[in-house]
1. Scan the range 164-200 for residues that are surrounded by fewer than 16 Cβ atoms within 10 Å (Cβ to Cβ) and either in contact with a strand residue (DSSP E or B) (Cβ under 7 Å, 6 or more places away or on another chain) or not in a helix (DSSP H, G or I) (or both) and jot them down.
2. Is there any pair linking a residue in the range 222-245 that is in contact (Cβ under 8 Å) with a residue 24 or more places away in the chain to one that is of a type in the set (D, E), with Cβ under 6 Å and at least six apart or on different chains, and which?
3. So which residues in the range 244-259 are open to solvent by 10 Å² or more (accessible area, probe 1.4 Å) and either part of a strand (DSSP E or B) or under 22 Å from I36 (Cβ atoms) (or both)?
4. Give the number of residues within the range 36-61 that are crowded, with 21+ Cβ neighbours inside 10 Å and in a loop (DSSP other than H, G, I, E, B).
5. Quick one: which of K325, K305 is more than 27 Å from G45 (Cα to Cα) and either at pLDDT 85 or above or of a type outside the set (D, E, K, R) (or both)?
6. Which of (1) surrounded by fewer than 17 Cβ atoms within 10 Å (Cβ to Cβ); (2) modelled with pLDDT under 80; (3) more than 27 Å from L47 (Cα to Cα) does P287 not meet, given it meets every other one?
7. Of the residues G155, G137, only one is surrounded by fewer than 17 Cβ atoms within 10 Å (Cβ to Cβ) and touching a strand residue (DSSP E or B) at 6+ places or on another chain (Cβ under 9 Å); which?
Amino acid sequence: MAPLKTGGDQTGMPLNRDTLLSLQCAKVFNDNEKHITSLDFDWGGELCITASEDDTMHVYDCQRGVETRLVRSAKYGCHLARFTHKSSTIIYASTKQDHAIRYMSLHDNKFLKYFRGHEDRVVSLEMSPQNDNFLSGSMDGTVRVWDLGATHCQGRLSIPDNHRPSVAWDQSGQVFAVAYSNIVKLYGINSFDKGPFETFKIPKHPGDMPLITAISFSNDGNRILVSTAGQEHYVLNAFKGFLTHKLVGHFNENQEELVAGFTPDSRFVLCGSQTGGIHFWDLGQSPTDGQNESAPPEHRDLTVKSMSECGGHEDTTRAVGFNPKYAMMVTADSSLVCFFFVALDWFHDNDLDSP
């Protein structure tokens, strides 16, 4: 499996249109009976974990392309499984009995701690990229800040009108975002009790805004991606908050809770669709090029259509993700996990040795 060219490493494979278009399905797993709702990679890109509505979580070795562990959570259900900074431990949201977040050791399948406080379903859960803090957003209209070392939450934010919140960290771990309705708010981790230091509005009437399903920062910190349950996603400038891209081209008439994501180089966005196809958008060709970014959004054409569609699924692909370290993508629908790798022809065409 080829490493990616990221940061200061100039020896890996670059991500561009050619490499993305050469992705081919290399491995398929039929390990689930119901929809896979989330997936996550460990920090080194060696492992991938999925969570499903059938109350199971599966851990896969990305290098060898094999399942390494099955975790059953029939009593509590499972959603939003996330690796901590140790690949041997995870946190995940309960979907049954209570709304606790569970901290588990994968070594022996034992719970290390329970984080209680939410009064409704947890719909957003993210580990800090720098330490043991994590964020959770719930249908109870609150966002909570936690620490793996403490049972009680370290802070709480209330969302107006009990809107569904989505949360995300920037790469510094010093800033986090909360999105709901058509609003994105930025907070400092050391001063969130004083309120947001920035508030951005997506230029769309709240009544016409699709449900926000997720939010994420690009690795370079310059962009914020807002995923929705509609047929469009939004990319904002992370510093000034203006809309830079409106991503369209994927089919989602049933308003499935799709989650889009950045590739590690921050240039591309990928997302599933109701029909099972995986779509890519190239942010390198900005629709704002040659336009006046200070002009009102309605005076600028910010629409970007997906550049390609990758097949492999017959059902809705809610969960997709690009490995943070290697040239591979993982996608999942109701019963399949597909591992996509760059085709060997790419190496031959570029006079490189295949991995």
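The values are calculated or read from the model by the stated rules, or taken from the named source; none is laboratory data. Keep in mind the model is a prediction, meaning the values are calculated, not measured. Heads up, the Cβs are rebuilt from the backbone with ideal geometry, glycines too, and the neighbour counts pull from every protein chain shown. SASA here: full protein model, heavy atoms, side chains in, ligands and nucleic acids out. Shrake-Rupley method; radii C 1.70, N 1.55, O 1.52, S 1.80 Å.
1. Kept after step one, since they are surrounded by fewer than 16 Cβ atoms within 10 Å (Cβ to Cβ), are these residues of the range 164-200: 171-174, 188, 190-191, 193-195, 197-199.
Result: Q171, S172, G173, Q174, G188, N190, S191, D193, G195, F197, E198, T199.
2. Between residues of the range 222-245 that are in contact (Cβ under 8 Å) with a residue 24 or more places away in the chain and residues that are of a type in the set (D, E), the close pairs are A229/E257.
3. Initial filter on the range 244-259 (open to solvent by 10 Å² or more (accessible area, probe 1.4 Å)): 244, 246, 248-249, 251, 253-257, 259.
Passing the criteria: T244, K246, V248, F251, E253, N254, Q255, E256, E257, V259.
4. Of the residues in the range 36-61, 1 are crowded, with 21+ Cβ neighbours inside 10 Å and in a loop (DSSP other than H, G, I, E, B).
5. Working: K325 fails: more than 27 Å from G45 (Cα to Cα).
Going through K325, K305 in turn, the sole match is K305.
6. Looking at each condition in turn, P287 falls short on (1).
7. Working: G137 fails: surrounded by fewer than 17 Cβ atoms within 10 Å (Cβ to Cβ).
Being surrounded by fewer than 17 Cβ atoms within 10 Å (Cβ to Cβ) and touching a strand residue (DSSP E or B) at 6+ places or on another chain (Cβ under 9 Å) holds for just one of G155, G137, which is G155.
Matching residues to (1) buried (at least 23 other Cβ atoms within 10 Å of the Cβ); (2) under 19 Å from N219 (Cα atoms); (3) in contact with a strand residue (DSSP E or B) (Cβ under 6 Å, 6 or more places away or on another chain); (4) hydroxyl-bearing (S, T, Y):
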residue: L302; (1), (2), (3), (4): no, no, yes, no
residue: S306; (1), (2), (3), (4): no, no, yes, yes
residue: G311; (1), (2), (3), (4): no, no, no, no
residue: E314; (1), (2), (3), (4): no, no, no, no
residue: A319; (1), (2), (3), (4): yes, no, yes, no
residue: A327; (1), (2), (3), (4): yes, yes, yes, no
residue: S335; (1), (2), (3), (4): no, no, no, yes
residue: F340; (1), (2), (3), (4): yes, no, yes, no
